[in-house]
Amino acid sequence: EKELLEFNLGLFQWSWDFKKIEEETASTANAVDLLQASMKEMPNKLQKLLFVAACLGSEFRVKELNIVLKHLDFQYLDEVPKFLDYLVEQFFIEHSSFDWNNFESGAALMTYRWVHDKVQEAALSLVEDEEELWEQHFEMGLALYEELSEEELDKIALYVAKMINYGLKSGRQSLEFAKLNLISAEKAKKVSAFQTAATYASAGIKFLPSEYWTADRSLALHLYSIGAEMFAAVGKEEKMNPYCDFVLQNATSALEKLRVCKIKANNLARNARNYDEAINICVDLLKELGLYIPKNSGAIALKAIAGVISAAKATKNDSRIEEMLIITDRNILVIMDLLDRLYYYSYMSSNTMLFLLCLTKMIRLTNLHGICNFSPSAFVVWGMIQGSILGKVRAGRQSAEKAIRMQERLPSKAVEAATVCRSHVLVFHSSSLIHDSVRPLMERGYRFAMQAGDIDTAMLSLVAGDISIPLMSGRELTAVKRACKLALNQAKQLASYDNIMFIKMVLQTIMNLEDQANNTVLLKGPVYDEDEVNLSTPIDRILVNYMKSFLCAIFAEYELGAALALKKGNEFAKGSPGNMSMLHDTFLRGVSLYAMARKVKKRKFIRSAKEIRKLMKLWLKEGNPNVRHYVCLFDAEQAVLDKKYNAAESLYREGIKITTRGGYLHDSGMLHERYADFLINVALDKKQGKTQIEKAIRIYKEYGAIRKVKLLECNKRVPSQLFLNGPPS
């Protein structure tokens with residue numbers, strides 16, 4: 001149209017003059033300006049229609065468009081179909097869908113959408129006066145609110161509420177508009193648009209009349225509560241706290257306090273990592289509800305032990321899940337909800353006895369009163385205790401399967417997400433291949449939890465499925481690193497501090513392996529520095545030591561790895577029972593201990609190595625398929641110590657075969673390296689030993705551990721600084 005581009009028929013190609021284009025478009029340097037300039041050349045009636053359509057969202061029905069235009073006294077309603085056809089021809093909008101089931105309603109049910117969000121943005125900017133813009137938006141929202149049926153309004157509630165909220169500038173108050181914003185906030189929450197949900201909740205509160213706490217107490221309570229919840233979800237504590245405090249100041253019962261107490265406790269635990277204060281909030285609220293939880297550690301221990309004995313007896317009587325009642329008693333439901341929070345906080349703070357006490361109380365309440373949304377998770381965690389602490393792996397899996405059957409009776413995606421997540425993270429890794437857990441964790445654990453606004457379950461599922469399992473499975477480091485970066489961005493957005501720290505540990509570990517840091521086994525680099533990070537919880541220290549054990553085993557820093565293994569012992573099992581990474585950590589400790597046992601023959605290394613081998617063989621006997629190659633390596637190392645060299649060679653080869661078939665790149669590299677050490681230093685077969693080293697180099701290259709490859713190729717070690725003050729005693 002501007003004749004800035006010209007097609008040359010002689011040359012059969014386009015030609016243009018850059019200088020002329022720059023001169024003509026200097027004042028319209030971006031797409032929105034160009035589109036707006038084009039729209040402003042249209043008749044006023046078309047500009048009016050464009051603006052109204054843009055206000056209705058990225059997609060709009062002709063019915064809603066006509067309602068608004070009629071409300072705004074648009075004089076050309078009969079010509080709207082012709083105008084829309086013209087806009088389609090101009091590539092501003094396109095047909096989206098047509099309700100053929102209501103064909104008689106004609107074009108009013110036709111749906112259009114903008115061909116690009118920049119086109120919609122340009123149309124919105126056609127009204128430049130701010131006062132007029134605010135007033136027109138409000139009038140359009142009001143028209144739709146008054147004319148649409150309840151069902152039709154529900155479909156576009158977010159857009160209508162957004163337009164009506166422009167009326168806040170003039171100080172309007174309305175309980176109806178407050179309710180509309182509550183509906184919109186709940187809808188935004190369901191699609192994980194937490195910031196949007198917070199915005200709607202905040203607008204709803206502003207629409208409340210001055211005496212709202214008496215005018216509609218329930219509405220006010222819900223708006224303040226969801227506002228606090230959503231601001232907490234996006235890490236805006238400064239906006240969350242006033243909402244929580246207001247509810248707590250005006251609440252007259254424990255039930256009214258419940259939601260904001262949970263929000264405050266969860267925020268303390270997830271962001272401030274203040275588990276003790278989070279525990280106190282739950283304990284105090286439970287006391288108001290008539291359930292006393294002692295704060296004295298001795299009393300807690302006695303009650304916890306009694307609870308474990310009672311739960312063990314009760315779960316033996318496997319009553320049919322289908323015959324169990326669904327709990328409807330509000331008081332019991334609230335108690336179960338708080339106990340569910342309490343056992344999680346106590347688990348994260350390694351308060352074992354309080355954890356057991358809360359869990360067994362949930363088991364008892366379920367057996368007495370029936371199933372509720374919190375029952376499945378309790379039975380999953382009880383299955384973890386049976387398998388990881390009491391050594392009854394099959395019984396533990398049965399409890400988790402029982403939990404899944406309970407969950408199937410409860411129509412809640414949030415419950416399904418929590419049950420699936422905890423089953424795979426805490427129980428199923430003891431009896432199923434960990435690879436098989438990735439899909440359910442991501443498709444049901446992560447996705448459903450995000451839809452329900454359950455950030456803790458969502459992040460646990462994401463980190464387990466996308467990072468922990470691939471790391472344990474020996475997936476290529478580039479893939480794990482990519483997953484870490486994506487998960488880290490999400491963890492930051494959701495203010496999930498625990499996961500931020502762990503992901504950074506893994507990223508730094510990968511950088512050490514990729515030769516992008518100055519250290520081998522010291523977690524000190526651009527992403528994570530163990531000397532500067534405050535390891536405020538036992539789990540922090542457990543995870544740091546896990547990463548160090550991993551690096552010691554890969555880089556063959558066996559002396560440092562064995563010293564660390566002796567120092568930390570089975571801290572993982574004690575501080576984070578059931579955690580799937582415990583399997584890998586135990587193996588890594590065993591690798592360094594057996595290497596040192598073979599090298600120096602000291603009793604402390606041999607004894608500890610044998611204990612780990614015994615534990616691994618027990619896990620294998622109980623049906624854990626993930627430890628087969630672990631047992632092969634330890635049996636081979638033990639055979640070398642016992643001078644059963646033929647058996648050792650056979651076991652090394654069997655372990656290599658399992659890791660190759662399973663795709664465990666890092667473990668395969670370690671097995672080849674340990675086999676090479678045996679061939680060179682024990683069997684004195686340097687030629688075969690060199691072959692195994694070459695195979696290890698090839699595997700480590702595929703894995704992405706460039707620093708390790710360089711060390712093997714150069715046949716030398718880089719001195720580590722894991723313990724600056726000497727090895728631990």
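The values are calculated or read from the model by the stated rules, or taken from the named source; none is laboratory data. Keep in mind the model is a prediction, meaning the values are calculated, not measured. Glycine also receives a Cβ, built like all others from the backbone with ideal geometry; neighbour counts cover every protein chain displayed. Side chains are part of the model used for accessible areas, which takes the heavy atoms of the whole protein and leaves out ligands, DNA and RNA. Shrake-Rupley method; radii C 1.70, N 1.55, O 1.52, S 1.80 Å.
Details
- The set of residues from the stretch 480-510 being touching a Gly at 6+ places or on another chain (Cβ under 6 Å) and either surrounded by 19 or more Cβ atoms within 10 Å (Cβ to Cβ) or among the charged types (D, E, K, R) (or both) comprises just one member, Gln508.
- Yes/no for Gly623 being open to solvent by less than 60 Å² (accessible area, probe 1.4 Å) and touching a residue at least 60 places away in the same chain (Cβ under 8 Å): yes
- The number of residues in the stretch 542-580 being within 15 Å of Ile389 (Cα to Cα), part of a helix (DSSP H, G or I) and either of a type outside the set (Asp, Glu) or in contact (Cβ under 8 Å) with a residue 40 or more places away in the chain (or both) comes to 4.
- Identity of the residue in the stretch 479-522, under 22 Å from Ser437 (Cβ atoms) and of a type in the set (Ser, Thr, Tyr), that ends up modelled with the lowest pLDDT: Ser496
- Top-ranked residue of the stretch 34-77 - restricted to ones that are outside any helix (DSSP H, G or I) and touching a residue at least 60 places away in the same chain (Cβ under 8 Å), ranked as farthest from Arg113 (Cα to Cα): Leu72
- Residues of the stretch 232-253 classified as touching a residue at least 24 places away in the same chain (Cβ under 8 Å) and open to solvent by less than 10 Å² (accessible area, probe 1.4 Å), total: 4
- Extreme residue, modelled with the lowest pLDDT, among residues of the stretch 176-211 that are surrounded by 18 or more Cβ atoms within 10 Å (Cβ to Cβ) and among the hydroxyl-bearing types (Ser, Thr, Tyr): Ser192
- Of the residues screened, Ala418 is not one that is under 27 Å from Phe555 (Cα atoms) and not polar (S, T, N, Q).
- Near pairs, Cβ below 7 angstrom, 6+ apart or cross-chain, from the stretch 387-409 (within 23 Å of Lys617 (Cα to Cα) and open to solvent by 40 Å² or more (accessible area, probe 1.4 Å)) to any residue that is assigned to a loop (DSSP other than H, G, I, E, B) and among the polar types (S, T, N, Q): Arg397/Ser431
- Pair list, Cβ < 7 Å and 6+ apart or interchain, from the stretch 667-687 residues that are outside any helix (DSSP H, G or I) to residues that are open to solvent by 10 Å² or more (accessible area, probe 1.4 Å) and modelled with pLDDT of 95 or more: Val682/Val640; Val682/Tyr645; Ala683/Tyr645
- Of the residues examined, Asn280 is not one that is open to solvent by 40 Å² or more (accessible area, probe 1.4 Å), within 25 Å of the chain's Cα centre (by Cα) and free of Cβ contacts under 8 Å to residues at least 24 places away in the same chain.
- Residue within the stretch 361-371 that is closer than 21 Å to Glu571 by Cα, open to solvent by 10 Å² or more (accessible area, probe 1.4 Å) and assigned to a helix (DSSP H, G or I) present: no
- Cβ separations smaller than 6 Å between residues 6+ apart or across chains give the following pairs from the stretch 159-184 residues that are of a type in the set (A, V, I, L, M, F, W, C) to residues that are surrounded by fewer than 24 Cβ atoms within 10 Å (Cβ to Cβ) and not in a helix (DSSP H, G or I): Leu175/Asp216; Ala178/Leu208.
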